[in-house]
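First the structure, in the form of structure tokens, and then the observations on it.
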Amino acid sequence: MPLGERGGWDKSESRYCGVETDFDNDMPHLLSYNLSTGGFDFVVATLMDPAYRPSLVERDASGGSNVLPFAASDLVLSPSQWSSHVVGKISSWIDLDSEDETIRMDSEITLKQEIAWAMHLSLQACLLPSPKGTSCANYARCVNQILQGLNNMQLWLRIPLVKTDDDSMDSNQLIDSWELWNSFRLLCEHHGQLSIALNVLSSLPSANSLGRWFGEPVRAAIINTDSFLTNARGHPCLSRRHQKLITGFFNHSIQIVISGQSVHSLPGGSLDSAANHTVNNVDNAQRHPLRPYLDYVAYMYQRMDPLPEQERFELGYRDFLQSPLQPLMDNLEAQTYETFEKDAVKYIQYQRAISKALQDRIPDEEVTSLTTVLMVVGAGRGPLVRAALQAAEETGRKLKVYAVEKNPNAVVTLHSLVRIEGWENEVNIVSCDMRFWDAPEKADILVSELLGSFGDNELSPECLDGAQRFLKEDGISIPSSYTSFIQPVTASKLHNDVKSHKDLVHFETAYVVKVHSVARLAPSQPVFTFTHPNFSTEKSNQRYKKLRFELPSDTGSAIVHGFAGYFDATLYKDVHLGIEPSTATPNMFSW
């Protein structure tokens, strides 16, 4: 059964917890015991008798081979049971880079036989054993060959989560897990189809070393029972660092797998009911020995906070490549406008900025005699017009609004909005490109929302360069300035999605992405800053400049798949808007 629900929203793969099992010829009993009695959702089951070695099999008199010692016939479970509840575990003794030629040959033959059997069973995934040493070229070659013939089945490469100090490393120690994975995928041309199963041990690497794994294709985290501590009641629990890591796994749709033997002698009576993950009709004598560990993982999952509304809205956009909007060239669709208009936080910030600008523009003693001319350039369907009028009402200022919009379809909606709201005396609608409009009077305040995710990537500077000619000499531009930032990231999924197009054009496209499965390798740095008014594209002092990013020493040889771009804008005075991680506006999703 799933671990639980987070506020009723969560349908991610991390709801399901598996258990690693030993070889068992009775697959129906193995499945029933671990799913029905244990409460697990799937088993990671060894497919072939561990004693099997191809070189030791004697051929029969007719020249054929003996029947391969798989765990069970495909008929003992239904196709849906094989597909939904079994992850195949490839024999752990396999070593394709052994110095012993017989072991190498046996390993390659067995690996291919087990993968073929798993494909025959329509398993969704198979767990590959971890490379045995620093050299894994032959293993990677064989896996690469297998990947070319796979359709839907995933391969999870088991990687022990260790970070070894180079100064203390000797030939008997495991190599750094990151270097192990890095060397394997560099030798595996089709590594885009290869996933990771992290083997979580009792000691963990540094936070920076752990963080980089969230940019890689991690599908499962295998937690051994000896990684658990014992709480005051004698039940298993995890250290705070382990808890933080597991929570990160949950947030990235990474499934947990419990492995090993029970190392906790639990007191009599029922377990802590906080997890609410017990089967009432199973008494203690029949209880699965690993059930307490599952209960603790379920407890961790269920105590996570529900996702905020903003993140629920963004779920469908996570790590999805979107071509940037070009509102100057294309007319936006109604659905796009509607998405932007749902971002209440953005328009609250604009209203705050306009309110401050109106108060600075018109003293309190002149509010009845002076009218502020405000132009919304790129008015869309009117959210900024509404924000401006609400700011005027809030501050008691008189306002005359020009709503300039080039999209004739949006202009239809604007006229309807003005009529419904009764704004005919305050709002003048102008159906024209802002760059070519001949304004009848100068504006006190010029308002726009032309910013892209990288600040200038939707041609905000160029558009405002053509529009600022109808702003008074002492006029106010909202936004008044914005800065573009870049940050090096590891983003395996995004890199592979771009790579799948097999051309240079897609690598040079500045995609819009709600980045999620990424590792941010260093703090972001500013690139360009644009200030309005009085910005000129012809006199711009923006220049390309060299940036140097210092990666933390404990990240090792991290892979930079690309750069994430952000912006931070000053709307007016102390009112900010942006997505740069260190100063991002909370609960805003437009970018």
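The values are calculated or read from the model by the stated rules, or taken from the named source; none is laboratory data. The structure displayed is predicted, hence computed values, not measured ones. As a convention, Cβ positions derive from the backbone with ideal geometry for all residues, glycine included, and neighbour counts pool all protein chains shown. Only protein heavy atoms, including side chains, enter the accessible area calculation; ligands, DNA and RNA are left aside. Shrake-Rupley method; radii C 1.70, N 1.55, O 1.52, S 1.80 Å.
The table for this structure:
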| item | result |
| --- | --- |
| Subset of the stretch 196-233 that is of a type in the set (S, T, N, Q) and surrounded by fewer than 20 Cβ atoms within 10 Å (Cβ to Cβ) - its residue that is farthest from residue 292 (Cα to Cα) | 208 |
| Within the stretch 292-333, considering residues that are touching a Ser or Thr at 6+ places or on another chain (Cβ under 8 Å) and over 18 Å from residue 511 (Cβ atoms), the one surrounded by the fewest Cβ atoms within 10 Å (Cβ to Cβ) | 304 |
| The stretch 234-245, residues that are over 17 Å from the mean Cα position of the chain (by Cα) and surrounded by 17 or more Cβ atoms within 10 Å (Cβ to Cβ) | 235, 236, 237, 238, 242 |
| The stretch 421-438, subset surrounded by fewer than 17 Cβ atoms within 10 Å (Cβ to Cβ) and over 20 Å from residue 409 (Cβ atoms), residue farthest from the chain's Cα centre (by Cα) | 425 |
| Filtered residues of the stretch 334-366 (kept if open to solvent by 30 Å² or more (accessible area, probe 1.4 Å) and within 23 Å of residue 413 (Cα to Cα)) | 334, 335, 336, 338, 339, 340, 341, 342, 344, 345, 348, 351 |
| Test: residue in the stretch 371-383 that is open to solvent by 30 Å² or more (accessible area, probe 1.4 Å), in a helix (DSSP H, G or I) and at negative phi | no |
| Single residue of 467, 439 found to be more than 30 Å from residue 546 (Cβ to Cβ) and in a helix (DSSP H, G or I) | 467 |
| Filter result (outside any strand (DSSP E or B), in contact (Cβ under 8 Å) with a residue 24 or more places away in the chain and open to solvent by 10 Å² or more (accessible area, probe 1.4 Å)) within the stretch 471-503 | 480, 493, 494, 495, 496, 497, 498, 499, 500 |
| 2 or more residues under 28 Å from residue 118 (Cα atoms), of a type outside the set (D, E, K, R) and at pLDDT 85 or above: qualifying helices (runs of 4 or more DSSP H) within the stretch 155-254 | 177-187, 240-251 |
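Condition check ((1) within 21 Å of residue 17 (Cα to Cα); (2) in contact with a Lys or Arg (Cβ under 6 Å, 6 or more places away or on another chain); (3) modelled with pLDDT of 95 or more) across all residues:
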{"site": "43", "(1), (2), (3)": "yes, no, yes"}
{"site": "48", "(1), (2), (3)": "no, no, no"}
{"site": "51", "(1), (2), (3)": "no, no, no"}
{"site": "68", "(1), (2), (3)": "no, no, no"}
{"site": "73", "(1), (2), (3)": "no, no, no"}
{"site": "76", "(1), (2), (3)": "no, no, no"}
{"site": "79", "(1), (2), (3)": "yes, no, no"}
{"site": "89", "(1), (2), (3)": "yes, no, yes"}
